[in-house]
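Participant: First the structure, which I've put down as structure tokens, then a few questions once you've had a look.
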Amino acid sequence: MFRHQGTSRTLIHNLRIATVLSFVAGIVNVSGFLAFSQLTTNVTGHFAFFISDVADFEFWKGTIYVVYIFSFLTGAFCSSFLIERFRESKKLNVFVLPTLLEVVILISIGLCNLETLNTVANLVVCALLFAMGLQNSLVTQISDAVVRTTHLTGLFTDLGIELSQLFFKKYKAKHQALKATITLRLFIICFFFSGGLIGGFIYSRLEFNIHTLIIGAIILLISLFYDDFRYQIIRTTRRHQQRKKTTY
């Protein structure tokens with residue numbers, strides 16, 4: 001799911017990466033909000049807060065929201081830069097690099113004490129937004145802009161449009177493709193919601209607090225190892241089959 005691109009990428013590949021990353025985004029979203037009362041997976045709300053502060057002539061107070069927005073942008077830039085920088089390497093799966101960087105950020109924050117983090121809350125929020133920028137850029141590039149996992153506004157818009165198109169005959173030829181994209185969007189929404197629910201339960205009820213982020217990092221690591229393990233098995237199997245054909 002982290003390797004295939006272009007025509008070789010199927011709905012199954014997108015479903016796999018969408019479920020993993022949207023679930024992690026849900027965990028980050030609820031953990032960041034419960035810990036710091038700030039949105040940590042998207043920047044739409046931060047624009048509103050910034051405009052509100054500017055309207056009240058509290059320009060200095062509003063600058064923090066600009067920093068939040070810039071952090072997400074920087075994460076997206078770094079993810080794309082790493083992918084393009086190492087894309088020519090045949091031995092390296094370039095999509096692993098931004099994912100590992102996200103893992104490092106989540107674990108680094110998750111290992112800290114919440115009281116300590118509250119003294120530098122704005123910096124932590126910036127780090128989480130940076131991580132989500134990394135993730136959103138990564139999944140956008142790998143899926144050719146089909147999958148988005150850190151926010152739901154656009155997803156619900158696209159879902160509404162596609163559901164309406166099922167009722168018109170002129171889209172009948174596209175029904176199969178529409179059903180595939182609708183399924184994908186429903187999976188993203190459900191797993192983002194599930195990640196938020198489970199993350200909130202672990203954060204509050206089990207009192208993991210900010211350590212809940214480590215669970216998100218572990219899920220990412222497991223998905224990377226699974227993807228690489230599966231790729232190596234498929235690669236070995238194909239080599240074995242080719243040798244058999246050559247022998248005969």
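Participant: Run residue 88 past the list (1) over 23 Å from residue 221 (Cβ atoms); (2) touching a helix residue (DSSP H, G or I) at 6+ places or on another chain (Cβ under 8 Å); (3) assigned to a loop (DSSP other than H, G, I, E, B) and report the number of the one that doesn't hold.
Facilitator: Answer for residue 88: the failing condition is (2).
Participant: For segment 92-135, which positions are open to solvent by less than 30 Å² (accessible area, probe 1.4 Å), β-branched (Val, Ile, Thr) and at pLDDT below 95?
Facilitator: 94, 99
Participant: Among the residues of segment 135-142, are any over 22 Å from residue 80 (Cβ atoms) and not charged (D, E, K, R)?
Facilitator: no
Participant: On to the next question. Consider only pairs whose beta carbons are under 7 Å apart and that are at least six residues apart or on different chains; among these, list those whose first residue lies in segment 93-107 and is without any contact (Cβ under 8 Å) to a residue 40 or more places away in the chain and farther than 18 Å from residue 27 by Cβ and whose second residue is open to solvent by 10 Å² or more (accessible area, probe 1.4 Å) and not in a helix (DSSP H, G or I).
Facilitator: 94/86; 94/87; 97/86
Participant: Something else about it: Is there a residue in segment 91-100 that is out of contact with any helix residue (DSSP H, G or I) (no Cβ under 8 Å at 6 or more places or on another chain) and not aromatic (Phe, Trp, Tyr)?
Facilitator: yes
Participant: Then there is this: Given the criterion open to solvent by 10 Å² or more (accessible area, probe 1.4 Å) and modelled with pLDDT of 95 or more, identify the matching residue among 30, 43.
Facilitator: 30
Participant: Do we find that residue 76 is assigned to a helix (DSSP H, G or I) and either within 13 Å of the chain's Cα centre (by Cα) or farther than 17 Å from residue 126 by Cβ (or both) in this structure?
Facilitator: For residue 76, the condition - assigned to a helix (DSSP H, G or I) and either within 13 Å of the chain's Cα centre (by Cα) or farther than 17 Å from residue 126 by Cβ (or both) - is met.
The values are calculated or read from the model by the stated rules, or taken from the named source; none is laboratory data. Since the model is a prediction, treat every value here as computed from it, not as a measurement. Positions of Cβ are backbone-derived with ideal geometry, glycine not excepted, and every protein chain shown enters the neighbour counts. Heads up: the accessible areas ignore ligands, DNA and RNA and are worked out on the full protein's heavy atoms, side chains in. Shrake-Rupley method; radii C 1.70, N 1.55, O 1.52, S 1.80 Å.
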